[in-house]
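K.L.:
My questions all concern the structure below.
The values are calculated or read from the model by the stated rules, or taken from the named source; none is laboratory data. These numbers come from a predicted model, not from an experiment. As a convention, Cβ positions derive from the backbone with ideal geometry for all residues, glycine included, and neighbour counts pool all protein chains shown.
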Amino acid sequence: MRRQPISEADLERQLLRRSVHSLHAERLNCHRCGRTPLVGEVVYRYPRERTICALCVPYRRGRPLASIPVRHGEEIRAQRLTPPVADPAA
């Protein structure tokens, strides 16, 4: 069966929805308030994989398992290549 060709506007809409959906799936947000923390802000990890922003920590009982600085998405993906260090003994 042949598919009906879609218009350029429909294609753009579909691609935009896909990209927004993938960004939404990767984004970090507070479990309590739903806010997306800013780059450089610290979020706190609690049991059961719950992430809480710094503004909501006073409302939470218990100590966090870890504190994590929010990094820029591109910073996480970027890797710096460093040349191998020559062994001075060789």
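K.L.:
Of the conditions (1) under 17 Å from the mean Cα position of the chain (by Cα); (2) modelled with pLDDT of 85 or more; (3) not in a loop (DSSP other than H, G, I, E, B), ASP10 satisfies every one except a single condition; which number is it?
P.N.:
(1)
K.L.:
Those residues that are among the hydrophobic types (A, V, I, L, M, F, W, C) and in contact with a His (Cβ under 8 Å, 6 or more places away or on another chain), I need them from region 46-55; list them, please.
P.N.:
Once the filter is applied, which keeps residues that are among the hydrophobic types (A, V, I, L, M, F, W, C) and in contact with a His (Cβ under 8 Å, 6 or more places away or on another chain), region 46-55 yields only ILE52.
K.L.:
Restricting to region 49-85, what's the tally of residues that are assigned to a loop (DSSP other than H, G, I, E, B), modelled with pLDDT under 85 and not hydrophobic (A, V, I, L, M, F, W, C)?
P.N.:
Let us first name the residues in region 49-85 that are assigned to a loop (DSSP other than H, G, I, E, B), namely 49, 54-56, 60-65, 70-72, 78-85.
From what's left, modelled with pLDDT under 85: 49, 71-72, 78-85.
Subset that is not hydrophobic (A, V, I, L, M, F, W, C): 49, 71-72, 79-80, 82-84.
Counting residues in region 49-85 that are assigned to a loop (DSSP other than H, G, I, E, B), modelled with pLDDT under 85 and not hydrophobic (A, V, I, L, M, F, W, C) gives 8.
K.L.:
For residues that are more than 15 Å from ILE68 (Cα to Cα) and touching a strand residue (DSSP E or B) at 6+ places or on another chain (Cβ under 8 Å), scanning just region 3-44, find the one that is surrounded by the most Cβ atoms within 10 Å (Cβ to Cβ).
P.N.:
Taking the candidates together, the pick is ARG32.
K.L.:
Please list, ordered by first then second residue, the pairs with beta carbon atoms under 6 Å, 6 or more apart or interchain, first in region 46-70 and touching a residue at least 40 places away in the same chain (Cβ under 8 Å), second in a loop (DSSP other than H, G, I, E, B) and surrounded by 14 or more Cβ atoms within 10 Å (Cβ to Cβ).
P.N.:
Hits for this filter: VAL70/PRO37; VAL70/GLU41.
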